[in-house]
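Worksheet for the structure shown next.
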Amino acid sequence: MTDVNIKKLKVVFVDWFVTLTSTMFLSKLKQRDPELFEKIDNKIFVENFDTWHFDWARGRISKEDVAYLIAAEGYTSYGEVLKIFDECCSIQQVDHPDKLWPVVDKIRAKGIKVVLATDNWDVFCDYTVPALKLREHFDEILSSNELGFIKRDMHDGRLFFFDDYLKDNHIAYEEAVLLDDAPVNIDCCEVCGMPAKLVASSADTLEVLKEIAEAE
């Protein structure tokens, strides 16, 4: 799987989008109003990807701020943007839940923590987490908007996103592993000495988790 020693493994960090779900942000809006979807999606992920998109992910601005920025373009109203965020985030689902959750439970039963680790926005914590009852399935949920750091934020061999959790739980980098679809996150982990596995889909993730669950 990776260079991680499964026998010494204490925590598995698992990313969200692509890694656990193929349901994209605003998927419901794309089905209902493709034209409005294109405008909002472009505003967030193209025009402002390197500016307030990351400020939102680091919790420096809120969903209300983003709704105001989008509404200011005249696409739709401020209230409608917030409604769209709620509706779209609340209907997200993990892929293969009938297979995923039993494997996660088996890993946790072995005494290995399974932690959702996502670069995400307040809408994920406000809407997706409670709608899917994700706190019932994970030992902890680490979201960048609450931590103030995204996973690639590093300096002098330290991974700011993960450090407080690892310190609080007395876990060393080499006793953890990250499953993620973003090469930049994998590279940062490897630079800092934390094992990481690049996955391309939720199916890949499930296979890695099975390996951990079934390891003697």
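The values are calculated or read from the model by the stated rules, or taken from the named source; none is laboratory data. Bear in mind the structure is a predicted one, so any value in this text is a computation, not a measurement. Positions of Cβ are backbone-derived with ideal geometry, glycine not excepted, and every protein chain shown enters the neighbour counts. Note: areas computed on protein heavy atoms with side chains; ligands, DNA, RNA excluded. Shrake-Rupley method; radii C 1.70, N 1.55, O 1.52, S 1.80 Å.
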Quiz prompt | Per-residue HN-Hα couplings for the range 137-150 [Karplus 6.51, -1.76, 1.60; θ = phi - 60°; Hz; x = Gly/Pro] | solution = 9, 10, 5, 7, 10, 9, 10, 4, 5, 8, 7, x, 9, 9
Quiz prompt | Estimated 222 nm signal from helices in the chain, with DSSP H stretches of n ≥ 4 weighted -39500 (n - 2.57), rounded to 500 | solution = -12500 deg cm²/dmol
Quiz item: Can you run phi through the Karplus equation (6.51, -1.76, 1.60; θ = phi - 60°) for the range 202-213 and list ³J(HN,Hα) in whole Hz, with x for Gly and Pro?
Solution: 5, 5, 4, 4, 4, 5, 5, 4, 4, 4, 5, 5
Practice problem: Using per-residue counts of other Cβ atoms within 10 Å, averaged over each peptide, order 9-16, 21-28 from highest down. | Solution: 9-16, 21-28
Practice problem: Calculate the translational D of the range 1-118 in whole µm² s⁻¹ from Stokes-Einstein, where the hydrodynamic radius comes from the Kirkwood formula applied to all Cα pairs, the temperature is 4 °C and the viscosity 1.567 mPa s. | Solution: 78 µm²/s
Quiz prompt | Gaussian network model of the chain, Cα within-10 Å springs - most flexible of W121, W56, W101 | solution = W101
Quiz prompt | Karplus (6.51, -1.76, 1.60) ³J(HN,Hα), θ = phi - 60°, over the range 79-91, in Hz, Gly and Pro reported as x | solution = x, 5, 4, 5, 5, 4, 4, 4, 4, 6, 6, 6, 9
Practice problem: Just check the chain against the gyration tensor rule for me: Cα atoms, a ≥ b ≥ c as the square roots of the eigenvalues, rounded for a/c under 1.5, and otherwise prolate or oblate depending on whether a/b exceeds b/c. | Solution: prolate
Exercise. Springs between alpha-carbon atoms under 10 Å, Gaussian network over the chain: tell me which of D156, D187, D204 tops the mean-square fluctuations.
Key: D156
Quiz item: Want the number for K167 to L198: 0.36 nm per residue separation, take away the alpha-carbon distance, what's left?
Solution: 8.7 nm
Exercise. Could you please state, rounded to a whole Å, how far the C-alpha centre of the range 37-67 is from the C-alpha centre of the range 113-184?
Key: 20 Å
Quiz item: Rounded to a whole number, what % of the accessible area of the range 27-159 do carbon and sulfur atoms account for, probe 1.4 Å?
Solution: 47 percent
Quiz item: Tell me, what is the FRET efficiency for S77 and K133 to the nearest 0.05, using R0 = 30 angstrom and their Cβ-Cβ distance as r?
Solution: 0.45
Quiz item: When ligands, DNA and RNA are left out and all protein chains stay put, how many square angstrom of accessible area per residue does the range 61-174 have with a 1.4 Å probe?
Solution: 48 Å²
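Give me the percent relative contact order of the chain, please, defined on Cα pairs under 8 angstrom at least 6 residues apart.
Over the chain, the number comes to 32 percent.
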Exercise. Find how much the distance from R60 to A109 grows on full extension, using 0.36 nm per residue of separation minus their present alpha carbon separation; answer in nm with one decimal.
Key: 14.0 nm
